[in-house]
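Chemist: Handing you this structure, nothing more for now.
The values are calculated or read from the model by the stated rules, or taken from the named source; none is laboratory data. Remember, it's a predicted structure, so these values are computed and weren't measured experimentally. Ideal geometry is used to build each Cβ from the backbone, glycine not excepted, and the neighbour counts take in all protein chains shown. These accessible areas exclude ligands, DNA and RNA; they are computed on the full protein's heavy atoms, side chains included. Shrake-Rupley method; radii C 1.70, N 1.55, O 1.52, S 1.80 Å.
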Amino acid sequence: MKLVKLLPLAAIACLMVSCENGGSSLSDSSTQTDSLMYYLGQMNASEYLQQAKRDTTLNEASAKQAYLEGVRAGLNALREGDDNYNRGVMMGMQMASNMLSFSDQMDVTINKSVYTGSLTSALNADTIPNMSIVQAEFRRLMTSIETAKKEKDDAASRETLAQAAAKDNLPKLDDDLYGKVTSKTDGQKLDMDNEVTCEVKITKQNGEAVSMPIQDKGKIGNARSFPAIVSIAMTNLKSGETGEFLTTAHALTNGRAKQLGLEPNDVLKMTIKATFVPSEEKKEGENAKPEAANEKPAADKAKKK
């Protein structure tokens, strides 16, 4: 690893040394490098505080202190002039982050010593590990762990959802969906593959809005247009109707609830209004009908002549 790749960390390291020596602001004796490091610190602080606007817990003094301790620990982990050691540090930090995330998302316990033991034995072996075998086994195990987690979350979230729906006296529409029509119309029933325009509002049970971008136009049943549970909800509406539905964060996000700042068991309320959009071919056909009706048979035209 070239040391130049570590420049951002090295730059922050200089900044931290400066701060610890009383360099929290610029003075007449500051060099250009000091100034550069000062403004780099200001930029990093600004990024942190922007995040704190969305997550107010980051504004707490204890959170800021923990963050600074983490930054200092990372900076002190590197050795000047020892590229391969620094390469190992960067890999260790990356793996630590991945392990924390994986452990949190999959509810599993990670034994770091198994990883380091495997890494050590493979690095000192006479042959390179067979990547085809390694990757196949890795994928098999990942699939097994993910399946077990999904089954666990399915059962737990559905039980929580059923209890919430019972309180609101909402009928069951699907394993992960309860709801009813709140504003009726005489429009046609919506089905899978229908093109629709829609308004979708999602909130938690306490009324807190859930920020999840959903298209305002698309095809029902198309995963690129709408989450699967939203499509199922739409098929319980007629064109122009509005419905109120209950589902879970687990079902809505297809198992990615925690990545979006939600818990799998969070019960969510969806208010959906959907309107059917005729296909362009059908529109053209309907526009052509009046003209066709005004056309007289060829035989009549011949008689007039």
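Chemist: Per-residue HN-Hα couplings for segment 224-237, Karplus 6.51 cos²θ - 1.76 cosθ + 1.60 at θ = phi - 60°, whole Hz, x for Gly and Pro?
Modeler: 6, 8, 9, x, 3, 5, 5, 4, 4, 4, 4, 6, 9, 10
Chemist: Using a 1.4 Å probe and ignoring any ligands, DNA or RNA, find the accessible area of Asp104 and quote it in Å² to the nearest 10.
Modeler: 80 Å²
Chemist: Asp104 to Asp193: FRET efficiency via 1/(1 + (r/R0)^6), r the Cβ-Cβ distance, R0 45 Å, to the nearest 0.05?
Modeler: It comes out at approximately 0.75.
Chemist: Testing the spin-label approximation: label points 7 Å from Cα along Cα→Cβ at Glu208 and Ala228. State their distance in nm.
Modeler: 2.7 nm
Chemist: Could I ask something else about it? Could you order Phe276, Phe138 by accessible surface area, starting with the largest, using a probe radius of 1.4 Å? Present the calculation step by step, with values, prior to reporting the outcome.
Modeler: Working: Phe276 50, Phe138 130 Å².
The ordering from most to least exposed comes out as Phe138, Phe276.
Chemist: Here is a follow-up. What is the spin-label model distance, in nm, from Asn76 to Asp174 if the labels are put 7 Å beyond Cα along the C-beta direction?
Modeler: Going from the Asn76 label point to the Asp174 one covers 5.3 nm.
Chemist: Considering only protein heavy atoms and a probe of 1.4 Å, how much of the accessible area of segment 80-198 is carbon and sulfur, as a whole percent?
Modeler: 53 percent
Chemist: Over segment 109-181, average the accessible area per residue using a 1.4 Å probe and give it in Å², no decimals.
Modeler: Values: 5460 Å² over 73 residues.
Here the residues of segment 109-181 average 75 Å² of exposed surface.
Chemist: What spacing in nm lies between the two simple spin-label points modelled at Thr33 and Asp186, each 7 Å away from Cα in the Cβ direction?
Modeler: 8.2 nm
Chemist: Still on this model: Between their Cα atoms, which of Lys64/Lys152; Lys219/Lys258; Lys53/Lys238; Lys53/Lys269; Lys150/Lys219; Lys180/Lys258 are more than 31 Å away from each other? It would help to have the intermediate numbers written out before the result.
Modeler: Working: Lys64/Lys152 35 Å; Lys219/Lys258 27 Å; Lys53/Lys238 40 Å; Lys53/Lys269 25 Å; Lys150/Lys219 27 Å; Lys180/Lys258 28 Å.
Lys64/Lys152; Lys53/Lys238, as the Cα separations exceed 31 Å there.
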